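The values are calculated or read from the model by the stated rules, or taken from the named source; none is laboratory data. None of these values were measured; they are calculated from a predicted model. With ideal geometry, Cβ positions are generated from the backbone for all residues, glycine too; neighbour counts draw on all protein chains shown. In case anyone asks, the SASA skips ligands and DNA or RNA and just uses the protein heavy atoms, side chains included. Shrake-Rupley method; radii C 1.70, N 1.55, O 1.52, S 1.80 Å.
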Amino acid sequence: MTELSGSGSEVARVTRRLRDDIVDGVRAPGSRLVERDLAAELDVSRVPVRDALRTLAGEGLVTMRPRTWAIVREFTPGDVADLIEVRSAFETLTFTLAAQRRTSAGLVRLRSVLDAELAAAGGGDAVTARRRAADFHETVTELAANDLLSELELTLRSRMRWLLAQHDDLLRIAREHEALYDAIADRDAAGVDALVRAHVETGRAAATSRRETSS
């Protein structure tokens, strides 16, 4: 086991692992996250686990409990509705700005992410496809070239990654991203607006269906 250190690298590693597990559905909503058990599982001391849980609580993915444990957040229908409303407003602006301001280098980055998503979706690799789908949205934020939007995206990133993972039709999402990529490449701001609204609706329907199936 790593000695008690609380080093930044250990905290970052544990945070990343737990975040991925939550977003990927490995740790289900309501699951207990006990410092002692996680430290043994991840082969670290309890200090980085404690710091990681606090970070994830700040990101909205876990709910702290007294003393030395937490639970994976259970997003209510109201939570999901709030996220979708914020996503709709945020992405309408972000994708429109990306279409207006994208650069050739930015398009190359976006195409690379899209190709990775398409390949994973085509191969049935759900975890990778969903992660690359979230990467696509974050890369579009970079293309929007607005520092304040980028700051806001960072505060929402973990919850948005969770929301964007609430779908099972991997190819449909990837193809919608491909249509959005084409509109951004063509600087078609009006087309992007319509596509984003349809894309958000696809996500809303997927999240609703996922909740109804699991309930």
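Once Kirkwood radius over Cα pairs in Å is calculated for the structure shown, the corresponding label among [x] 18.2; [y] 20.9; [z] 19.6 turns out to be [x]. The phi-based Karplus calculation (6.51 cos²θ - 1.76 cosθ + 1.60; θ = phi - 60°) puts the 3J(HN,Hα) values of region 147-160 at 4, 5, 4, 5, 5, 5, 4, 5, 5, 9, 3, 5, 5, 5 Hz, whole numbers, x for Gly and Pro. Residue order by solvent-accessible surface for 209, 88, 158 is 209, 88, 158, largest first, with ligands and nucleic acids left out and a 1.4 Å probe. For residue 31, the amide hydrogen comes within under 5 Å of the amide hydrogens of 72, counting only partners 5 or more places away or on other chains and with H modelled in the peptide plane.
Were the residues from residue 43 through residue 67 laid out at 0.36 nm apart, the gain over their Cα-Cα distance would be 6.6 nm.
Ligands, DNA and RNA aside, residue 173 has an accessible area near 20 Å² when probed at 1.4 Å. Taking the accessible area of the chain, probe 1.4 Å, and keeping the other protein chains in place, the carbon and sulfur fraction comes to 51%.
Protection proxy ranking for 102-114, 196-208, using the average of other Cβ atoms within 10 Å per residue and placing the highest first: 196-208, 102-114. Principal-axis analysis of the Cα atoms of the chain puts helix 77-101 at an angle of about 50° to the longest axis. Against the chain, whose longest principal axis comes from its Cα atoms, helix 126-144 is set at around 60 degrees. Accessible surface for residue 153 stands near 20 Å², nearest 10, in the context of the full protein assembly shown (1.4 Å probe).
Computed from Cα positions, the angle between helix 104-122 and the longest principal axis of the chain comes to roughly 70 degrees.
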